[in-house]
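Take a look at the structure below.
Derivation of every value follows stated rules applied to the coordinates shown; laboratory data play no part. Keep in mind that this is a model prediction, so the values were computed, not measured. Glycine gets a Cβ as well: all are built from the backbone with ideal geometry, and neighbour counts include every protein chain shown.
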Amino acid sequence: MKIAEARQIYNNGIRSYREQQNLLLKRKQELEKQINTVPDGANIYTEEAATLELSINAVKEKGDEYQQYMDKLLEQWCSVANMVSAKQQGEAMEEYGEDMVKIMEVARRLMKGGVVPPSDEKKLMEFSMELYQAAKNIGALAREREEYDSLWEDEEEKQECEDPATTADNTEAFAPGPEIVEVADMLASVPGMGEQIE
């Protein structure tokens with residue numbers, strides 16, 4: 001299962017368990033009021049209070065299990081996204097270094113009086129107008145003029161960078177998550193709660 005799919009499934013599970021837990025806590029507050037207002041309420045509502053407490057604990061435990069899995073999924077997602085970003089940054093730095101070498105070579109060729117393609121001159125100008133002007137001025141004094149090919153002609157088309165988030169979303173989850181159990185099915189397994197579920 002992909003991380004994006006797992007996150008969606010377990011987010012929905014966590015949400016439904018939290019909603020159920022809130023409903024049960026609200027029912028517990030109502031029950032506590034009844035226990036305090038009805039004569040002999042503690043004895044009358046003892047069984048329901050115990051069942052309610054068991055239900056609250058069971059819902060919380062299952063919700064926590066899902067949350068722990070989601071935390072690990074998020075950690076894996078961040079690791080993958082960071083790895084892709086770091087790789088892209090490394091490639092960009094490497095490409096930048098290669099471009100710097102080429103730009104310095106263009107400046108050297110111009111200083112020797114060479115004729116370089118306009119696209120190479122443009123790259124030098126974009127990098128540093130001062131370096132370009134100095135190279136052209138020094139090159140104007142040269143007696144021989146050698147013609148050069150572009151240093152960038154052999155470059156392949158720039159590839160689109162992969163999106164780190166998309167890559168992380170499409171990565172396989174580190175492990176299968178806990179079994180998804182509907183809240184109603186889980187509550188039905190709590191002793192005394194099965195008959196109270198609507």
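Annotations for the structure displayed:
- The chain: most fluctuating residue of LEU73, LEU25, LEU141 per GNM, C-alpha cutoff 10 Å: LEU141
- Cross-link reach is defined here as a Cα-Cα straight distance under 23 Å, omitting same-chain residues fewer than 8 places apart; for LYS28 the lysines meeting it are LYS60, LYS62.
- For region 24-90 versus region 103-124, the gap between their alpha-carbon centres in whole angstrom: 67 Å
- Within the same chain, lysines fewer than 8 places from LYS122 are excluded, and of the rest, those with a Cα less than 27 Å from its Cα are LYS102, LYS112, LYS136, LYS158.
- Packing here is the average count of other Cβ atoms within 10 Å per residue, and on that basis the peptides 106-117, 57-68, highest first, run 106-117, 57-68.
- Counted residue by residue at 0.36 nm each, then reduced by the alpha carbon distance between them, the extension gain from GLN88 to THR37 reaches 11.7 nm.
- Counting only alpha carbon atoms, the long axis of helix 46-111 and the longest principal axis of the chain meet at about 0°.
- Among ALA81, ALA168, ALA188, residue whose mean-square fluctuation peaks in a GNM of the chain (springs only between Cα atoms under 10 Å): ALA188
- By definition, a body whose alpha carbon gyration tensor gives a ≥ b ≥ c is prolate when a/c is 1.5 or more and a/b is larger than b/c, and region 113-194 fits this prolate description.
- A simple packing score, the average count of other Cβ atoms within 10 Å per residue, orders the peptides 133-139, 50-56 as 50-56, 133-139, with the highest score first.
- For the chain, a Gaussian network of Cα nodes joined below 10 Å ranks SER16, SER85, SER150 by mean-square fluctuation, and the top entry is SER150.
- Nearest 10 degrees, 0 to 90: helix 118-127 Cα axis against the chain principal axis: 60 degrees
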